[in-house]
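See below for the structure under consideration.
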Amino acid sequence: MQTLKSFVRGEWVAGSGSPAELVNPATEEVLATATSAGIGMASALSFARDVGGPALRRLTFAERGELLSKMSHAVHEQREALIELAIANGGNTRSDAKFDIDGATATLMAYADLGKELGDTRFLLDGAPAELSGPRLSGQHLRLPRHGVAVHIGAFNFPAWGWAEKAACALLAGMPVLTKPATATALLAHRTAQLVVEAQILPAGAFSLLCGSAGDLLDHVGWHDVVAFTGGSSTGRTIRSGERVLREGVRVNVEADSLNAAVLLPGADDSTFAAFLRDVERDMVQKTGQKCTAIRRVLVPASELSRVRDALCERLAGVTIGNPALPEVRMGPVATRTQQRDVGAGVSALLADAQVVFGDPELVRPVGVAEGKGFFVPLLLLEARDAMAARAVHSHEVFGPVATLLPYDGTVEQASAIVRAGDGGLVTTIYGDERDELAQLVEAIAPWHGRLVVVDKRIADKSLPPGTVMPQLLHGGPGRSGGGEELGGVRGMALYQQRTAVQGNGPLISKLLA
Ligand code: NAP
């Protein structure tokens, strides 16, 4: 059985002590173990800071972009073997696995292209020069890499894309990365990282991998460092309120839970309606609903409720649940036994406000697995009795294949009030063809979100699913979602850069920065 080593101080290091087991969630076979005990967090961070940082800062954006392009190729070349790992350790179907792995390589490539675009310079100008008192006296804002380590802590659901998207932004900005994937599904994160290390693409110290728990890692961060976390809200709160993090004023970015909504507006064209059904079904099934961006709340005009319910039930009835290694299976298990328990408990909470309209909370019959084995959960569509009063639906994220229909009166006012009850989210998708209503709804709910997707009949057949996080656009959200911002092209690099205003003799400053 494989023991996952960490890559720190430029070498592979095994942890000590009692390790955590990584299992196949469909069969419960133990695949690997990992522990970070005794790794030496302080020296791992200082090696990255002192060796990796200067090496990266010497490179231009174009040169850093070239490194990202090589990283993308190194991972992509092993795509087939990586898909097998994701199926085995993540409970992913082949399609789920591709989503994660291709998301990783595409995001690295997008930032590689951005590096090429930014060219042969090492800093970014932030806005135009500001004239202070005549043309002689002016100021210019600059953005330069922070002289610390980008500490990345990832969630279990995207072991490849999760680390790659954070690393792409940080490395292009010029900061070394120490990435700590979630332990339960770390096999894929470890292998993708190993491919990058083996290819000797990055300068020494620019990239470190920590397998196993975070241990005392965050007791050694300083104000130059950045912590970017993805995971549950409560872990996010623990990280944010760490003694060292608070004392040093460490910059922290949190990507957490979200009760993403899909809003069907009245009078949607048939093609818009079809896109709505397609997206709701995909988000319930893809990755067994374990996507931070998955649609959890489905707002439907009351007059359309039975049509939507019937159409969704028909589509969900065609989903085969079981061992994701089988080609006919469209939905695998959730990643861990804890997740399985959490989904069960979450569904019980939602049932206080809703009833089941598809599936059976007590019954799941997976194909291709031994009786009683695996962390399978049923595919469930619920329907709230009173959309506004359904408190659990607006406050409890069930991280699994569960969504709730929320009937509303068809007005923008009520739709926006229901969406806003989710208390801040990553993404909401609006399906409609009435321009005024679309505009009103966008304005009413945008401050509650990091991203809105608007689907109308002209783009219905080619719109990207809301769960596909694009490197060009922001990922993150306010409130419940943690208040973080990632990606968004050059915006995502700001987390890893210090903005400084340089003020003085305008022509001289222009020459210094040329
Ligand atoms: P989690 O339990 O919060 O764990 C996330 C990461 O934090 C793991 O790497 C975990 O390590 C680490 N961790 C746990 N306790 C820590 C501590 N005290 N100090 C430092 N690190 C610590 O979340 P999860 O179960 O992996 O992920 C599910 C949640 O993530 C869902 O709620 C989902 O909504 C959210 N999520 C959000 C996004 C987004 O972009 N907004 C994306 C994906 C998932 P170990 O694994 O070693 O315990």
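For the reader, a short list of remarks on this structure follows.
- Share of carbon and sulfur in the accessible heavy-atom surface of the chain [1.4 Å probe, %]: 52
- For ALA155, the amide hydrogen comes within under 5 Å of the amide hydrogens of ALA182, THR230, counting only partners 5 or more places away or on other chains and with H modelled in the peptide plane.
- The range 477-514 and the range 220-241 have Cα centres lying 21 Å from one another.
- For the chain, the antiparallel share of DSSP beta bridges with both residues in that region comes to about 40%.
- Applied to the range 398-405, the Karplus parametrisation 6.51 cos²θ - 1.76 cosθ + 1.60 on θ = phi - 60° returns per-residue 3J(HN,Hα) values of 8, 8, x, x, 9, 9, 10, 6 Hz, with x for Gly and Pro.
- The distance between label points at ARG244 and VAL319 comes to 4.1 nm (points 7 Å beyond Cα on the Cα→Cβ vector).
- For the set LYS116/LYS462; LYS116/LYS457; LYS70/LYS457, the pairs lying more than 30 angstrom apart at their alpha carbons are LYS116/LYS457; LYS70/LYS457.
- Take 245-253, 105-113, 488-496, 306-314 and order them by the average number of nearby Cβ atoms within 10 Å per residue, most first; the result is 105-113, 488-496, 245-253, 306-314.
- Rounded to the nearest 0.05, the FRET efficiency derived from the C-beta distance between GLN200 and LEU512 at R0 = 45 Å is 0.80.
- DSSP bridge orientation in the range 260-470 - percent antiparallel, rounded to nearest 5: 15
- Modelled spin-label separation between ASP436 and ARG136, with each label point placed 7 Å from Cα along the Cα-to-Cβ direction: 5.8 nm.
- Across the chain, Cα pairs under 8 Å and at least six residues apart give a relative contact order of 18 percent.
- Shape call, the range 303-395: gyration tensor on alpha carbons, a/c limit 1.5: oblate
- Compared with the alpha-carbon gap, the fully stretched path from ASP126 to ALA274 is longer by 49.0 nm at 0.36 nm per residue.
- Shape category assigned to the range 181-247 from the gyration tensor of Cα positions, a/c cut at 1.5: oblate
- Spatial offset of the range 15-89 relative to the range 136-174 amounts to 17 Å, using the alpha carbon center of each.
- Amide H within-cut-off set for THR33, under 5 Å, with H built and near neighbours excluded: GLN2, THR3, LEU4, LEU22
- Heavy atoms of the protein chains alone define the surface here; on that basis the chain has 40 Å² accessible area per residue at 1.4 Å probe size.
- Cα gyration tensor shape for the chain, rounded if a/c is under 1.5, else prolate or oblate: oblate
- Its relative contact order, with pairs defined as Cα atoms under 8 Å and 6+ residues apart, puts the range 369-514 at 17 percent.
- Less than 5 angstrom separates the built amide H of VAL453 from those of THR428, THR429, ILE430, all sequence-distant by 5 or more or on a different chain.
- Reachable lysines, given that their alpha-carbon falls under 17 Å from the alpha-carbon of LYS5 and they are not under 8 places away in the same chain: LYS180
The values are calculated or read from the model by the stated rules, or taken from the named source; none is laboratory data. None of the values given here were measured: they were computed from a predicted structure. Cβ atoms come from the backbone with ideal geometry, glycine included; neighbour counts cover every protein chain shown. Please note that ligands, DNA and RNA were not included when accessible areas were found on the heavy atoms of the full protein model with its side chains. Shrake-Rupley method; radii C 1.70, N 1.55, O 1.52, S 1.80 Å.
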